[in-house]
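These notes concern the structure reproduced below.
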Amino acid sequence: MTYRISLQPGGHEFDAAADQTVLEAALAAELLLPHGCRDGACGACKGQVIEGRVDHGSHSASALSAAEQAEGYALFCCAKPLSDLVVQARNVVRAGDIPIRKLPCRVHRLQRLADDVMLLDLKLPASEAFRFRAGQYIDILLADGRRRSFSIANAPHDGSHIELHVRRIDGGSFTAHVFERMKEKDILRFEGPLGSFWLREDSQRPIVLVAGGTGFAPIKSIIEHAIETGLQRPISLYWGARERAGLYLDELARSWEAALPSLRYIPVLSDAAQDLSWEGRRGLVHQAVMDDFAELSGHEVYACGAPAMIDAARTGLCTGRGLPEHAFFADAFTFSTPAG
Ligand SMILES: Cc1cc2nc3c(=O)[nH]c(=O)nc-3n(C[C@H](O)[C@H](O)[C@H](O)COP(=O)(O)OP(=O)(O)OC[C@H]3O[C@@H](n4cnc5c(N)ncnc54)[C@H](O)[C@@H]3O)c2cc1C
Ligand code: FES
């Protein structure tokens, strides 16, 4: 059984099988609906069902509340059609010619960047060109069918390998494996590129980049891409961490000011009361942006990191500083839903 789905605005139409989510069907039709975790956890794919009925599937209540569901909202990464649909989504773009693929890769290098951050350098098969947009992520495919999402930290022009910055999670199974047992030459499988968090290059708006912790990874990809392409737009990069060690590539970030004259780098520490030698900014990273910009109606903001930081940034910058919702791009680092 297939259903016809019509997308507003724009009027694009595509078919979905009854067991396909709206997002899966849209991606298969090369229509990139906004999305992040694809797991019902981050809310990035939220849109409105204007006509028709869906099965909402299992999702986190913080990503879609019962009240929103009653108002007709749905998470398109979980919602499956029960009839033909008319749905509304923001920021829909044509996927272009970058396919989502499943590929093997080899662990080329493991490097501790901080006590709880590991750089994982993955080498791709020589015969396979892997293309992606600066800011996207991959899913590592685990043997039991589970997946773990990590943002790509290198730029697309450097596509013979994939650099990831993996933060160790208390009680986390895959990240513990990375820190304790993973070795060079181990073989992994992944799917990608995924996500709709990438630099919009058809815009001329000044850019504000907001990274929390390893949310720096996709921001690094975006900046290295900007350096490679000689991007002229003004860029303000805010990187927040609790302590100085959390700014695990601070030297590199500082060096970007010389490589890209339009870039300003502002590191921000939230928990450095004891660090009297720290002369930089203190407090929460989204608050530092709010302190520096009285209004952001002409800007684009790219924010990446913990879900609480993304929520605070979205509310503070869109509601408090006039940033249009369509100019706020984010990847929230949610955890995968536990199996079962
Ligand atoms: C789009 C995207 C991009 C991301 N990019 C990055 C990145 O670049 N760098 C990065 O460091 N992270 C990133 N993340 C986050 C990363 O995917 C997670 O930190 C990772 O999946 C954790 O995997 P794990 O197996 O170690 O943890 P899990 O085993 O999934 O555990 C996660 C948490 O859930 C708890 N938990 C596990 N099982 C259960 C259970 N049955 N019941 C209750 N609690 C449970 C654990 O104790 C732990 O606190 C990204 C996430 C997304 C969605
Ligand atoms: S909730 Fe659907 S992409 Fe995250």
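Computed from the coordinates by the stated procedures, all read-outs in this text should not be read as laboratory data. This structure is a prediction, so every number in the text was calculated from the model and none was measured. Because the Cβ atoms are built from the backbone with ideal geometry, glycine has one as well, and the counts that use them run over all protein chains shown.
Computed values, structure above
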read-out	value
Karplus-derived HN-Hα couplings along the range 237-249 (A = 6.51, B = -1.76, C = 1.60, θ = phi - 60°), whole Hz, x at Gly and Pro	9, 10, 10, x, 8, 6, 10, 4, 4, x, 8, 6, 10
Per-residue Cβ neighbour rank within 10 angstrom, fewest leading, PHE293, PHE76	PHE293, PHE76
Stokes-Einstein translational diffusion, the range 195-295 - Kirkwood Rh over all Cα pairs, 0.890 mPa s, 25 °C, in µm²/s	174 µm²/s
Stokes-Einstein D for the range 65-157, Kirkwood Rh over Cα pairs, 37 °C, 0.692 mPa s (µm²/s)	191 µm²/s
By average C-beta atoms within 10 angstrom, highest first, the peptides 257-264, 78-85, 36-43	36-43, 78-85, 257-264
Percent RCO, i.e. relative contact order, over the range 207-332, from Cα pairs under 8 Å lying at least 6 residues apart	28 percent
Unit charges at the beta carbon, dipole of the range 27-182: most positive-side option, ALA29, SER127, VAL93	SER127
Cα Rg, Dmax (largest Cα-Cα span) when computed across the chain, Å	19.9, 65
Bridge type composition, the range 134-286 - antiparallel percent by DSSP, nearest 5	40 percent
For the chain, size of Cβ-based charge dipole, Lys and Arg +1, Asp and Glu -1, in debye	480 debye
For ARG133, distant residues with modelled amide H under 5 Å away	none
Value of [θ]222 nm, deg cm²/dmol, for the chain, DSSP H segments ≥ 4, -39500 (n - 2.57) each, nearest 500	-5000 deg cm²/dmol
Lysines whose Cα lies under 27 Å from that of LYS183, excluding same-chain neighbours fewer than 8 positions away	LYS102, LYS123, LYS220
Burial order of peptide ranges 215-223, 299-307 (average beta-carbon count within 10 Å, highest first)	215-223, 299-307
Given charges at Cβ of Lys, Arg, Asp, Glu: the chain dipole, positive-most of SER149, THR175, LEU296	THR175
Exposure proxy order (Cβ contacts within 10 Å, fewest to most) of THR337, THR315, THR214	THR315, THR337, THR214
Dipole of the chain [Lys/Arg +1, Asp/Glu -1 at C-beta], most positive-end residue of VAL107, VAL285, SER203	VAL107
Protection proxy ranking, peptides 21-27, 227-233, 114-120, average beta carbon neighbours within 10 Å, highest first	21-27, 114-120, 227-233
Mean Cα-pair separation over length for the range 130-201, i.e. relative contact order, pairs under 8 Å, 6 or more apart, %	43 percent
Relative contact order computed over the chain (Cα-Cα under 8 Å; 6+ residues apart), in percent	15 percent
Placed amide H near HIS35: partners under 5 Å, 5+ positions off or other chain	SER196
Packing-based exposure ordering (other Cβ within 10 Å, fewest first) of TRP198, TRP278, TRP256	TRP278, TRP256, TRP198
